[in-house]
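Here the structure is laid out as structure tokens; the discussion comes afterwards.
Just so it is clear, none of the values below were taken in a lab; they were calculated from the coordinates. As the structure is a computational prediction, the values presented were derived from the model and not from experiment. Virtual Cβ from ideal backbone geometry, glycine too; neighbours counted across all protein chains shown.
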Amino acid sequence: MAKQKQNYPYAAETSGYVLALKGSDASTATKEKVDKVAHVFQLIVTYLFLALMGVIIIFPFYWMIITSLKTGEEIQQSVQTFFPHVIRWENYTEALTRLDFPVLLRNTLLVGIISTLGTLITTILAAYAFARLTFKGRDFIFMILLGSMMIPGEMMVISNYISVSRLGWTASGNYFGNFSAMIVPFWVSIFYIYLLRQNFKQIPNELYLAAKVDGKSDWEFLWKVMVPLAMPTLTTIFILKLMGAWNSYVWPNLIASGNKNIFLITNGLRETFSAADNVNDYGAQMAATVIVTVPLLLLFIFFRKYIMRGVGRAGIKG
Amino acid sequence: MESKNNWKGWLYLAPVIILLAVFTFYPIINTLYVSFLKDYNYLNGTSKGFTFDNYIAVLTPFSSSGGGLNSMFDKVMRTALPNTMLLTIITVPISIILSLVIAIALNSIKILKKLFQTVFFMPYVTNAIAIGMVFTVIFDTDYGIFNNIFGLDHHAWIFPSPNVPGQMVNYWSGLFAISFYIVWHSLPYKILIFLGGLQNIDAQYYDAAKIDSAPKWKTALKITVPLLSPQILYMMITSFIGAFKEYNSVIGLFGSGAGAFDKNTGPANMSTMVFFIYDQVAKNKVHYASAASIFLFLIIMLFTLIQNQVSKKRVHY
């Protein structure tokens, strides 16, 4: 204390409080310095870690793209190249013809869009009933729906396969049946009903009452007020559902059972390039995976917000 | 008005209830029913009466077909179940810890945060089978970049090399490759959920830690993890269920045959419980598929209940 008084003689005349603050000045400065160094060090480590993980995440995409442009000889070099010496675009034309891409795209879009539109309609109606209408048994039914989400889908797949087979929907040549089998069971999604119901509930009740005063029916209110207001959530559902159709493999594989005319894109990809293919084929194979991956990444780039919000919503209830 | 709304509500729900009744609720009961039918023929609905044989065949070596090679018992209890269990035990903790660390790191930076967030989310918006095929190329025995980078000479991860006569794939190599892929593929969703949780944590907790000048790792362990425990529990349960239903990754990496391993090193292939179920459906043995799916459902239920019970003491809401 005495020493500090010497350093700050004028402070000594004022209050002890100021003196104490001034006195700790030196050590605070060094402490701040140490803190700063530690902070910078921590930042560097954090960025290095994130960059390393980022490279691991990105690498398969990078490798897919450059392999899709390589020639067979280059792929089979003993030391792998990180950029193709000779760019071979023919891999892509080869992949497109071997995949029978137009047929796969047509089938996938047909199934994707019709099942998505159907889901949107059932989801809007059900979410409205759960969010706005009051009727006996509403909460009970809602609980049952949420509870059934816990049961593994595989149990339903088995019986649904039996059902559609009995209906003749799996018979080869019955295109209407085949596509119905790929579409109709997916016209309902409990998770999206839950998502949209939460959204509908946020819409203030005053709007509903005002619409009632204007003589609007429930039906009109739903389509003219609720649906436009819930557009962001509906877009999310649309995108996620479309991506689901693009990525679906199991069910269409069972329904098609080898019939290439009704394959969806993922089935076509897997069947065209069987896993035991030779290395010469890797170029075309990777070109095919690029063709399947790029539309998804484009959707992601344009609808990033909608996708991440929809996916992230699932965890909030946790 | 209340009574008027009663039928109106059900009218709005009608499409959903009809679809669910046909494609969700009826199938649950029917699958349970079929699992007790002997030699069920799904095309004409005939069977040889009620039996426990399907469960006995799938779960025990004591059925008429025995427990030998390629019996149902061999396919489930010696192959699919151990594979599924190992994949779960390996991938769930690794992916949860890794995604938690990444989320905490992401949450602590400002510059480039958006870019990193986008990069880390990319594996989510991919086709599991397409990217699985990319990993097959990366893990190629002769020309794979993985062997190349780590200087491994013709090490077989997924398929044996045609240039090395008689080469077999070691089971644990195959398990490593698929676990690597599953973790890679499952990170984005977990990071997204954890990051959402982190952003909801009140900043005053961290201010308090700063005043106490607690080190960063201690802050993470003593403040972040407990406050994030609801998300961690949610993630544990859902990734557990997801790992138990692993299927697309197997098809993507090993193809529709689930690969073939050196039998002296472990199970003969990478088939999982769900792989077995779909395989049996495709082979018109829906009664075995049903029994296996009920078994899978019970395992999932049991583990979910245990996790819930254990976490009751540890989760802070």
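Label zone of A:Ile58 (point 7 Å out along Cα→Cβ, amide N under 20 Å): in the stretch B:137-152 this covers B:138, B:145-146, B:149. A simple charge model with +1 on the Cβ of Lys and Arg, -1 on the Cβ of Asp and Glu and nothing else charged puts the dipole of chain B at about 860 debye relative to its Cα centre.
About its Cα centre, how strong a charge dipole does the stretch B:102-244 have in debye, to the nearest 20, once Lys and Arg get +1 and Asp and Glu get -1 at the Cβ?
Details: 8 positive and 6 negative charges, 120 e Å.
Magnitude of the dipole: close to 580 debye.
Result for chain A in a Gaussian network model with C-alpha springs under 10 Å: among A:Ile237, A:Ile158, A:Ile183, the largest mean-square fluctuation is at A:Ile158. Who wins for biggest fluctuation among A:Ser163, A:Ser115, A:Ser189 in a Gaussian network model of chain A, springs between alpha carbons below 10 Å? Between A:Ser163, A:Ser115, A:Ser189, it is A:Ser163 that shows the largest mean-square fluctuation. Taking only complete DSSP H runs, can you tell me which helices of chain B stretch 24 Å or more along their own long axis by Cα positions and average at least 0.0 on the Kyte-Doolittle scale? The answer, listed by residue number, is B:2-20, B:81-107, B:171-199, B:286-311.
Between rounded, prolate and oblate, where does the stretch B:28-186 land on the alpha carbon gyration tensor, with a ≥ b ≥ c its root eigenvalues, rounded for a/c under 1.5, else prolate if a/b exceeds b/c? Before the final figure, lay out the partial values.
Working: a/c = 2.79, a/b = 1.61, b/c = 1.74.
Oblate is the answer for the stretch B:28-186, as a/c is 1.5 or above yet b/c matches or exceeds a/b.
In chain B, the sites counted are trypsin sites (Lys or Arg not before Pro) in DSSP loop states with at most 13 other Cβ atoms within 10 Å, and the longest stretch holding none of them, exclusive of the sites, is B:111-262.
Find, to one decimal place in angstroms, the Kirkwood hydrodynamic radius of the stretch B:65-311, where the mean of 1/r is taken over every pair of different Cα atoms and then inverted.
20.1 Å
Using the Cβ atoms and a cut-off under 14 Å, what net charge is assigned to the surroundings of B:Val101, where Lys and Arg are +1 and Asp and Glu are -1? Net local charge, B:Val101 excluded: +2. Applying 1/(1 + (r/R0)^6) with r as the Cβ-Cβ distance of B:Gln204 and A:Lys305 and R0 = 35 angstrom yields a FRET efficiency of 0.75. Between the Cα long axis of helix A:138-148 and the first principal axis of chain A there is an angle of about 90°, rounded to the nearest 10. With K and R counted +1 and D and E -1, the other residues having a Cβ less than 14 Å from that of B:Ser186 yield a net charge of +1.
Here the calculated FRET efficiency for A:Lys36 and B:Leu221, from their Cβ-Cβ distance with R0 = 22 Å, stands at 0.40, rounded to the nearest 0.05. Full extension of the chain between B:Lys114 and B:Thr46 gives 18.6 nm of extra length, using 0.36 nm per residue less the Cα-Cα distance.
Compute the Rg to Rh ratio over the stretch B:223-288 from the alpha carbon atoms, using the Kirkwood formula for Rh, and round to two decimal places.
Working: Rg = 16.8 Å, Rh = 14.2 Å.
Rounded to two decimals, Rg over Rh is 1.18.
Largest GNM mean-square fluctuation across B:Thr24, B:Thr79, B:Thr118, computed for chain B with C-alpha springs under 10 Å, falls on B:Thr24. Remark: spin-label model distance A:Thr97-A:Phe83 equals 3.1 nm, labels positioned 7 Å along the Cα→Cβ axis. Each part gets one Cα centre, and for the stretch A:147-162 versus the stretch B:35-59 those centres are 18 Å apart.
Scanning chain A for chymotrypsin sites (Phe, Trp or Tyr not before Pro) that sit in a DSSP loop and have at most 12 other Cβ atoms within 10 Å, the longest stretch containing none of them is A:90-318.
Apply the Debye scattering formula to the stretch A:100-272, with a single equal point scatterer on each alpha-carbon and no solvent, then give log10 I(q)/I(0) at q = 0.12 Å⁻¹. Summing over Cα pairs of the stretch A:100-272 leads to -0.65.
Fraction of C-alpha pairs exceeding 49 angstrom in the protein assembly as shown: 21 percent, rounded to a whole number. Does chain A come out rounded, prolate or oblate by the C-alpha gyration tensor, with a ≥ b ≥ c the root eigenvalues, rounded set by a/c under 1.5 and, if not, prolate when a/b is larger than b/c and oblate if not? Cα axes put chain A in the oblate bin. Coupling constants for the stretch A:297-306 follow from the phi torsions by the Karplus curve (6.51 cos²θ - 1.76 cosθ + 1.60, θ = phi - 60°), and in residue order they are 5, 4, 4, 5, 4, 7, 10, 3, 4, 5 Hz; glycine and proline get x. Once the other residues with Cβ under 15 Å from the Cβ of B:Ser173 are scored (Lys, Arg +1; Asp, Glu -1), what is the net sum? Surrounding charge for B:Ser173 is -3.
Of A:Lys216/B:Lys8; B:Lys48/B:Lys285; A:Lys201/B:Lys114, which sit over 19 Å apart, Cα to Cα?
On the way: A:Lys216/B:Lys8 15 Å; B:Lys48/B:Lys285 14 Å; A:Lys201/B:Lys114 31 Å.
Correct reply: A:Lys201/B:Lys114.
Taking Cα centre as origin and charging only the Cβ of basic (Lys, Arg, +1) and acidic (Asp, Glu, -1) residues, the dipole magnitude of the stretch A:100-272 rounds to 160 debye.
Going through the stretch B:107-188, which chymotrypsin sites (Phe, Trp or Tyr not before Pro) have at most 15 other Cβ atoms within 10 Å and a DSSP loop state? Please report the intermediate quantities before stating the final value.
Numbers: sites: B:Phe116, B:Phe120, B:Phe121, B:Tyr124, B:Phe135, B:Phe139, B:Tyr143, B:Phe146, B:Phe150, B:Trp157, B:Tyr171, B:Trp172, B:Phe176, B:Phe180, B:Tyr181, B:Trp184; in loops: B:Phe139, B:Tyr143, B:Phe150, B:Trp157.
Those satisfying the criteria are B:Phe150.
In order along the stretch A:216-221, the phi-based Karplus estimate (6.51 cos²θ - 1.76 cosθ + 1.60, θ = phi - 60°) of 3J(HN,Hα) comes to 7, 7, 4, 4, 5, 4 Hz; Gly and Pro are listed as x.
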